[in-house]
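Here is the structure we will look at, set down as structure tokens.
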Amino acid sequence: MAIPVSAQLPGETSIPSAVSTAPVTKLAPRHSAVVRVTHWITTICFFTLLLTGIEIVISHPRFYWGETGTVLTAPLFQLPIPSSRRLVPTGYGYVLPDQNGWSRALHFEAAWIAVLTGLLYVISGLLTRHFRKNLLPGRAGLSWRGLWTSFAKPFRLKRTSAAEASSYNALQRLTYLFVIFVLFPLVIWSGLAMSLGFASAFPWSVTLLGGRQSARTIHFFVSLALVLFLLVHVAMVCLAGFWNRTGAMITGRTATR
């Protein structure tokens, strides 16, 4: 007896299996809770310090070197902006609204919050070996060719690969370490050196910087360096994927395929 075999009609096609070959998106661990919390607190403090610092500079946009500096002293350099105080010679025939009172008070409060947050981050990073595992570069990346490649590649304005975005290159690691252990301590030190109370308690700290006015000038330039770092940092985050990187700093996990 013949067994009937179903014939496939010309218009019919075979149905593929239900197994999908699309890449599966997973959430991989990226940042610890301490890193995320201290990052966002520092971000808020930094923008507060930047805004209030601009208001403080506007009240006297002249910088000196040494212990003293007044309107009767020749400045080391002067910003080409009007002042918020009529007695400060700027070359402009008008003055800006004086916001020096509230800006100084808020500047000092935000600075102390940033200092305490930074101490928590550094202590946690040392205890959990965060700096050694995530920020200390290896020998392979410290070659001149490797550093130059890390420096030149972002200028191509190409989206980084998933493997590159999952970790920092040697130049990024060195930059983060320089900001954490050089620029931030220096901006705190120079800021404290402008305080009369701190200067009277630790006069040597002011002397090492060349005087209170020298500390103010150093504080200004270090602040500019931190602003430059912030601009480069945001640009690198955008190249690596802004929403993915920002989400990782909020949730602690990043999407990988």
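The values are calculated or read from the model by the stated rules, or taken from the named source; none is laboratory data. Worth saying up front: this structure is predicted, and the values here are computed from it rather than measured. When we count neighbours, we look across all protein chains shown, and the Cβ atoms used for this are built from the backbone with ideal geometry, even at glycine. Keep in mind that these areas ignore ligands, DNA and RNA; they rest on the heavy atoms of the full protein, side chains included. Shrake-Rupley method; radii C 1.70, N 1.55, O 1.52, S 1.80 Å.
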Members of region 189-224 found to be open to solvent by 40 Å² or more (accessible area, probe 1.4 Å), among the aliphatic types (A, V, I, L, M) and either assigned to a helix (DSSP H, G or I) or touching a residue at least 60 places away in the same chain (Cβ under 8 Å) (or both), listed by number: LEU192, LEU196, ALA201, LEU208, LEU224
Residues that are more than 20 Å from ILE44 (Cα to Cα), free of Cβ contacts under 8 Å to residues at least 24 places away in the same chain and open to solvent by less than 80 Å² (accessible area, probe 1.4 Å), drawn from region 91-111: VAL95, GLY101
The lone exception for ARG85 - which of (1) part of a loop (DSSP other than H, G, I, E, B); (2) without any contact (Cβ under 8 Å) to a residue 60 or more places away in the chain; (3) under 23 Å from VAL187 (Cβ atoms); (4) not hydrophobic (A, V, I, L, M, F, W, C) it fails: (3)
All positions within region 245-257 that are closer than 16 Å to TYR168 by Cα and at pLDDT 85 or above: ARG245, THR246, ALA248, MET249
